[in-house]
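No lab work stands behind these numbers, since they all come straight from the coordinates. All figures in this text were calculated on a predicted structure; none of them were measured in a lab. FYI the Cβ positions are ideal-geometry reconstructions off the backbone, even for glycines, and counts take in every protein chain you see.
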Amino acid sequence: MKTFKSLIEDVLPNINEVFPWDLDEKINNSDDVLLIDITEPGEYATVHIKDSINVPRGVLEASCDWGYEDTVPALVEARDKEVIVICRSGNRSALAVFTMQLMGYTNVHSLKTGLRGWFDYELALYNEFEQEVDEDDADAYFSKGPAAEQMEPDS
C-alpha cells in the first residue's frame, strides 16, 4: 500500500524543483514564468505568491486541457513555457508536476519547500485582497498541524 509520503518519494526523482530564492530571482528577472498555486481556494485566499494563478489540485488536469469548465487558457497554452507549481509544503506540487509532465508540459517545476519555504526565506505573501500578509498571520497559518483525530492510532 502506498502512503502520501511514499507517493511523493516515488515522483521526486522524476521531477524538477526550484528553491524559493531561485524562484524569487526568476520572478525579478523574467516576465515569462507562469506561477500556478494548486492550494485550495481558502488556502490561496489566506496566503499566496503575488501574480500566481489559483488552480486547485482537484481540478488541475481539467484546467490543463481545452473543453472543460475548469480550463485555464494561460495554463493550457503553457506546455512549453516555464511553469512553477506551488503548494503549502512542496508535496502536492510535486505530484502535480509529475502529472503535468505526463500531460506534455516540458518545463514545469515544483517549488521545493512550498509557500512555507517562501515564507521562511522572508519573501512576501499576499491575501485575497492582494494585500501583503502580516508575518504573525502567516506564521499562524503555517503553524497549524493535524488534529489528534487525524493522527494514526497507537497499535
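Some observations on this one:
- Applying 0.36 nm per residue to the separation of VAL59 and ALA124 and subtracting their alpha-carbon distance, the gain on full extension is 20.8 nm.
- Bridge type composition, the chain - antiparallel percent by DSSP, nearest 5: 15 percent
- For the chain, the dipole from Cβ point charges (+1 on Lys and Arg, -1 on Asp and Glu) about the Cα centre works out to 640 debye, to the nearest 20.
- Highest average first, the peptides 43-55, 118-130 ordered by how many other beta carbon atoms sit within 10 Å of their residues are 43-55, 118-130.
- Build a GNM of the chain with springs between Cα atoms under 10 Å apart, and of GLY67, GLY104, GLY117 the one that fluctuates most is GLY67.
- For the chain, the 222 nm mean residue ellipticity estimated from helices alone, with every DSSP H stretch of n ≥ 4 adding -39500 (n - 2.57) and the total spread over all residues, rounds to -10000 deg cm²/dmol.
- Order by protection proxy (mean Cβ within 10 Å, highest first), peptides 32-39, 1-8: 32-39, 1-8
- Spatial separation of Cα centroids for segment 1-76 and segment 123-150, in angstrom: 18 Å
- Whichever lysines have a C-alpha closer than 16 Å to that of LYS26, once near sequence neighbours (fewer than 8 apart) are set aside: LYS50, LYS81, LYS112
- The value of relative contact order for the chain, using C-alpha pairs under 8 Å at least six residues apart, is 27 percent.
- If the chain linking GLU132 and ASP51 were pulled fully straight, counting 0.36 nm for each residue of separation and taking away their Cα-Cα distance, it would gain 27.9 nm.
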